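Visitor: Take a look at the following structure, please.
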Amino acid sequence: MNINKHALPAAGVEGPAAGAATLTLSGFFGSRRCILARHGVAAFVLSSCMTASVVSNAAPPEDKGSRSAGSETWAKGRILVMPRAGLPEKELAKILDAHGGKGRKIGQSDLYIVDLPGNASEKAIAARLARHPHLKLAEPDYRDSPELVPNDPYYGSAWHLPKIGAPAAWDSSQGAGVTIAILDSGVDSAHPDLANRLVPGWNFYDNNSNTSDVYGHGTKVAGAAAAAGNNGIGVTSVAGQSKIMPIRVTDVSGGGYSSMIANGLIYAADRGIRVASISFANQPSRPAVVSAAQYMKDKGGLVIVAAGNNGINENFTPTTAMIPVSATDGNDVKASWSSYGTYVALAAPGTGIWTTSKGGGYGAVSGTSVSSPVTAGVVALMMAVKSTLPNTQVESLLYSTAVDLGAAGRDAYYGYGRVNAARAVQAAAATAEAPDTQAPVVSISAPLGGATVTGLVGVNVIATDNVGVTRVELRVNSTTVAIDTSAPFGFTWDSAGTPNGMSNLVAYAFDAAGNSKASAAVAVNVANGTVTVPKDTTPPVVKIINPVAGNVSGTNVPISINATDDSGAAGITQTVYIDGVLKATGSGSTLGYNWNIRKVAAGAHTIEVVTKDAAGNATPTSVNVMVIQ
């Protein structure tokens with residue numbers, strides 16, 4: 001297998017100087033899933049310290065079309081894979097070769113685009129690889145689209161700006177010095193309200209610098225965030241003095257691939273962009289995009305995403321890597337079509353927002369697509385008024401100054417509340433940068449002390465911090481052997497390069513402020529080639545407690561699993577698949593997941609749980625249920 005690094009323009013080339021910036025995406029155009037970029041680029045994930053052969057100006061991946069099943073669409077002939085930190089390149093090649101795959105590394109991240117044979121089943125291979133003990137992530141390359149709600153001609157005014165207190169905020173900040181990167185279908189560079197706001201970006205679909213708008217969605221999003229203000233023409237935006245970095249991630253029909261979106265995030269982060277907003281559907285449920293968002297956050301940025309326009313509880317797992325935003329109307333009520341769930345962090349105006357249109361015009365649009373850039377514009381105002389404020393403090397102030405709507409505190413409809421630019425900018429200007437002096441807490445959960453190890457060894461680490469862990473280093477006998485920059489933290493240590501005998505494993509966790517903490521040392525006995533080590537061949541014992549085989553109905557079906565292992569619960573990992581699609585992962589002896597069956601087709605479905613221990617022994621178990629609608 002050849003593992004090639006896809007060429008990208010270097011940081012500082014075709015992009016702005018490092019500095020405060022914001023990145024925005026939106027969804028006005030339907031609820032479609034996302035495939036991999038036709039001309040995939042940049043990076044998603046950050047884990048392993050692997051070397052890879054580098055091919056300058058490598059040819060973009062061939063567009064082989066897509067496949068669809070139900071509401072999901074994904075790229076034909078390729079998947080996304082991320083190895084655990086420390087896995088040698090030759091070992092990754094062996095893993096992928098076993099499935100006929102050839103990997104290409106995405107930028108500086110640890111995510112790989114894996115090309116598969118023409119007759120391969122992308123979902124089946126991704127599901128099998130997701131169970132591999134030395135891989136951190138494997139998934140199809142989904143295709144998602146922006147979401148459209150029909151324009152409302154009665155909202156042809158900038159009602160949302162006074163609603164969020166933007167005029168009061170402008171007394172202190174209009175976003176000058178901040179660049180907002182728009183990851184979308186491109187931006188109309190000739191539009192009179194946008195022409196003087198653009199800085200060079202990148203086209204990840206065609207792998208060139210032409211970022212013209214091919215669909216119309218990106219121009220709408222850009223105008224909502226940073227159309228020129230106080231110029232006597234057109235519309236007024238939230239951050240009228242901010243710049244815009246257009247990053248095209250879609251095809252001509254508006255669909256964006258996970259690989260391109262993640263690529264764009266890393267491209268922006270590497271060029272000093274400090275905030276990212278993505279308004280395509282389903283982004284909080286895309287592990288590759290979440291990993292790229294964490295990459296940006298680790299570099300001091302924030303990622304804002306649209307909550308979606310399906311009008312349902314999406315049941316996405318909450319993540320601190322992103323800020324999902326729901327949509328509100330002029331009465332501070334959630335729009336009926338705005339999706340919701342515990343993953344929602346904020347709300348922002350999203351109905352009848354007057355903005356720029358491709359071709360030089362203007363129009364009113366609705367969708368969480370616009371809620372996302374409106375929020376990104378507020379973040380730009382905050383960063384402009386105090387550029388030294390850390391991203392974690394900006395995020396905290398964004399939440400604490402929001403207008404609490406719905407149930408008291410954070411709720412599934414509005415998150416922490418509707419964004420308030422006036423309060424947020426005032427708080428940012430008055431806040432002193434609080435020094436972070438608290439070190440992370442870190443421990444090694446596997447292997448256990450005294451264990452005898454050979455070959456490739458899985459090392460699991462638990463690391464937490466009051467602000468956030470930016471990286472974990474694994475040191476063997478005081479030498480760093482691998483670095484992981486995204487949770488859950490774990491490594492594959494090749495013990496073949498370590499002399500036989502006792503070795504000490506220590507994990508060092510770091511936060512953005514430079515605080516670090518070492519775990520307690522774990523002593524293991526390396527016995528490569530000289531000692532026959534009893535191999536743990538006993539798989540875990542697992543039982544699906546609920547549901548039992550038979551009929552299920554209603555809205556949510558609670559799934560609960562219990563597992564035991566002869567080596568203890570510390571090394572147990574559990575993965576839930578429904579009809580072969582990954583739904584949830586967890587560690588330890590128990591796992592719970594609520595399966596929303598509102599849109600699930602009536603009839604037979606299979607719930608499968610794959611439980612693995614630290615040695616990689618796996619126990620699959622399943623239950624067949626009949627959904628009654």
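Visitor: Out of the strands (runs of 3 or more DSSP E) lying entirely within region 386-489, which hold 1 or more residues that are more than 27 Å from the chain's Cα centre (by Cα)?
Guide: Values: elements: 441-446, 456-464, 469-476, 479-484.
In region 386-489, the matching strands (runs of 3 or more DSSP E) lie at 456-464, 469-476, 479-484.
Visitor: Across region 415-426, what is the number of residues that are over 18 Å from PRO162 (Cα atoms) and either small (Gly, Ala, Ser) or at pLDDT below 95 (or both)? If you could, list the steps in order and put the result at the bottom.
Guide: From region 415-426, those over 18 Å from PRO162 (Cα atoms) are 415-416; that's our starting set.
Restricting the remaining residues to those that are either small (Gly, Ala, Ser) or at pLDDT below 95 (or both) gives 415.
Qualifying residue count for the region: 1.
Visitor: Can you tell me which of (1) small (Gly, Ala, Ser); (2) surrounded by 24 or more Cβ atoms within 10 Å (Cβ to Cβ); (3) in a loop (DSSP other than H, G, I, E, B) is the one GLY377 doesn't meet?
Guide: For GLY377, the exception is condition (3).
Visitor: Of (1) of a type outside the set (A, V, I, L, M); (2) within 17 Å of GLY255 (Cα to Cα); (3) outside any loop (DSSP other than H, G, I, E, B), TYR215 satisfies all except one. Which?
Guide: (3)
Visitor: OK, next. Would region 234-247 turn up any residue that is farther than 16 Å from PRO373 by Cα and out of contact with any Phe, Trp or Tyr (no Cβ under 9 Å at 6 or more places or on another chain)?
Guide: no
Visitor: Further question: Would you point out the residue of region 248-266, among those that are closer than 15 Å to ASN208 by Cβ and touching a Ser or Thr at 6+ places or on another chain (Cβ under 7 Å), that is surrounded by the most Cβ atoms within 10 Å (Cβ to Cβ)?
Guide: Among them, the one singled out is THR250.
Visitor: Residue by residue through region 498-527, note down the ones that are of a type in the set (S, T, N, Q), within 18 Å of ALA482 (Cβ to Cβ) and either in contact with a Leu (Cβ under 8 Å, 6 or more places away or on another chain) or in a loop (DSSP other than H, G, I, E, B) (or both). Reasoning before the result, please.
Guide: Quick first cut of region 498-527, residues of a type in the set (S, T, N, Q) only: 498, 500, 503-504, 515-516, 519, 525.
Filter once more, keeping what is within 18 Å of ALA482 (Cβ to Cβ): 498, 503-504, 516, 519.
Within region 498-527, THR498, SER519 qualify.
Visitor: Looking only at region 92-125, count every residue that is crowded, with 20+ Cβ neighbours inside 10 Å and of a type in the set (S, T, N, Q) and tell me the total.
Guide: Total meeting the criteria: 1.
Visitor: Okay, next question. Please go through region 175-206 and pick out each residue that is at positive phi and either among the hydrophobic types (A, V, I, L, M, F, W, C) or buried (at least 24 other Cβ atoms within 10 Å of the Cβ) (or both). Walk me through it before giving the result.
Guide: Residues of region 175-206 at positive phi: 175, 177, 186.
If the condition is that a residue be at positive phi and either among the hydrophobic types (A, V, I, L, M, F, W, C) or buried (at least 24 other Cβ atoms within 10 Å of the Cβ) (or both), then GLY175, GLY186 are the ones that fit.
Visitor: Check VAL221, VAL275 and return the single one that is crowded, with 24+ Cβ neighbours inside 10 Å, closer than 22 Å to ASN391 by Cβ and modelled with pLDDT of 95 or more.
Guide: VAL221
Visitor: What are the residues in region 63-74 that are modelled with pLDDT under 90 and not acidic (Asp, Glu), if any?
Guide: Initially, region 63-74 is screened for residues modelled with pLDDT under 90, giving 63-72.
Scanning region 63-74 gives LYS64, GLY65, SER66, ARG67, SER68, ALA69, GLY70, SER71.
Yes/no matrix, rows are residues, columns are (1) surrounded by fewer than 24 Cβ atoms within 10 Å (Cβ to Cβ); (2) of a type outside the set (S, T, N, Q); (3) modelled with pLDDT under 90:
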residue: ALA127; (1), (2), (3): yes, yes, no
residue: HIS132; (1), (2), (3): yes, yes, no
residue: LYS136; (1), (2), (3): no, yes, no
residue: TYR142; (1), (2), (3): no, yes, no
residue: PRO150; (1), (2), (3): yes, yes, yes
residue: TYR154; (1), (2), (3): yes, yes, yes
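Visitor: Confirm whether LYS535 is basic (Lys, Arg), touching a residue at least 12 places away in the same chain (Cβ under 8 Å) and either surrounded by fewer than 13 Cβ atoms within 10 Å (Cβ to Cβ) or in contact with a Ser or Thr (Cβ under 6 Å, 6 or more places away or on another chain) (or both). So that I can check it myself, show each step before the final result.
Guide: Details: basic (Lys, Arg): yes; touching a residue at least 12 places away in the same chain (Cβ under 8 Å): yes; either surrounded by fewer than 13 Cβ atoms within 10 Å (Cβ to Cβ) or in contact with a Ser or Thr (Cβ under 6 Å, 6 or more places away or on another chain) (or both): yes.
Yes, satisfied.
Visitor: Something else now. When the residues of region 588-600 are narrowed to those that are under 24 Å from the mean Cα position of the chain (by Cα) and crowded, with 19+ Cβ neighbours inside 10 Å, which ends up farthest from ASP141 (Cα to Cα)?
Guide: Ranking the candidates gives LEU591 first.
Visitor: List, please: which pairs have Cβ atoms under 6 Å, are six or more places apart or on different chains, and start with a residue in region 501-512 that is assigned by TED's automatic domain parsing to the domain that holds GLY450 and end with one that is surrounded by fewer than 19 Cβ atoms within 10 Å (Cβ to Cβ) and small (Gly, Ala, Ser)?
Guide: Pairs that qualify, where the first residue is assigned by TED's automatic domain parsing to the domain that holds GLY450 and the partner is surrounded by fewer than 19 Cβ atoms within 10 Å (Cβ to Cβ) and small (Gly, Ala, Ser), are MET502/ALA523; ASN504/ALA521; ASN504/ALA523; VAL506/ALA518; VAL506/ALA521; TYR508/SER516; TYR508/ALA518; PHE510/SER516.
Visitor: Please go through region 422-469 and give me each residue that is loosely packed, with under 15 Cβ neighbours inside 10 Å and in contact with a Phe, Trp or Tyr (Cβ under 9 Å, 6 or more places away or on another chain), ordered by number.
Guide: Residues satisfying the conditions do not exist here.
Visitor: Here is a further query. Can you tell me which residues in region 201-212 are within 24 Å of the chain's Cα centre (by Cα) and in a loop (DSSP other than H, G, I, E, B)?
Guide: GLY201, PHE204, TYR205, ASP206, ASN207, THR211
Visitor: For region 317-334, check the following and say yes or no: at least one residue is over 23 Å from GLY264 (Cβ atoms) and acidic (Asp, Glu).
Guide: Looking through region 317-334, at least one residue is over 23 Å from GLY264 (Cβ atoms) and acidic (Asp, Glu).
Visitor: Related question: Of the residues ALA384, ALA335, ALA412, ALA422, which single one is hydrophobic (A, V, I, L, M, F, W, C), in contact (Cβ under 8 Å) with a residue 60 or more places away in the chain and in contact with a Pro (Cβ under 9 Å, 6 or more places away or on another chain)?
Guide: Values: ALA384 fails: in contact with a Pro (Cβ under 9 Å, 6 or more places away or on another chain); ALA335 fails: in contact with a Pro (Cβ under 9 Å, 6 or more places away or on another chain); ALA412 fails: in contact with a Pro (Cβ under 9 Å, 6 or more places away or on another chain).
The match here is ALA422.
Yes or no, residue by residue, for (1) modelled with pLDDT under 95; (2) hydroxyl-bearing (Ser, Thr, Tyr):
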{"residue": "ASN331", "(1), (2)": "no, no"}
{"residue": "SER336", "(1), (2)": "no, yes"}
{"residue": "THR342", "(1), (2)": "no, yes"}
{"residue": "LEU346", "(1), (2)": "no, no"}
{"residue": "PRO349", "(1), (2)": "no, no"}
{"residue": "VAL378", "(1), (2)": "no, no"}
{"residue": "LEU398", "(1), (2)": "no, no"}
{"residue": "ASP411", "(1), (2)": "no, no"}
{"residue": "THR431", "(1), (2)": "yes, yes"}
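Visitor: Here's another thing I want to ask about it. Within region 470-492, how many residues are crowded, with 18+ Cβ neighbours inside 10 Å and either of a type outside the set (Asp, Glu) or in contact (Cβ under 8 Å) with a residue 60 or more places away in the chain (or both)? Give the steps one after another, and end with the answer.
Guide: Taking region 470-492 and keeping what is crowded, with 18+ Cβ neighbours inside 10 Å, we get 470-474, 476, 481-487, 489-492.
Retained after the next criterion (residues that are either of a type outside the set (Asp, Glu) or in contact (Cβ under 8 Å) with a residue 60 or more places away in the chain (or both)): 470-472, 474, 476, 481-487, 489-492.
Looking only at that region, the number is 16.
The values are calculated or read from the model by the stated rules, or taken from the named source; none is laboratory data. This structure is a prediction, so every number in the text was calculated from the model and none was measured. Note: ideal-geometry Cβ built from the backbone for every residue, glycine included; neighbour counts use all protein chains shown.
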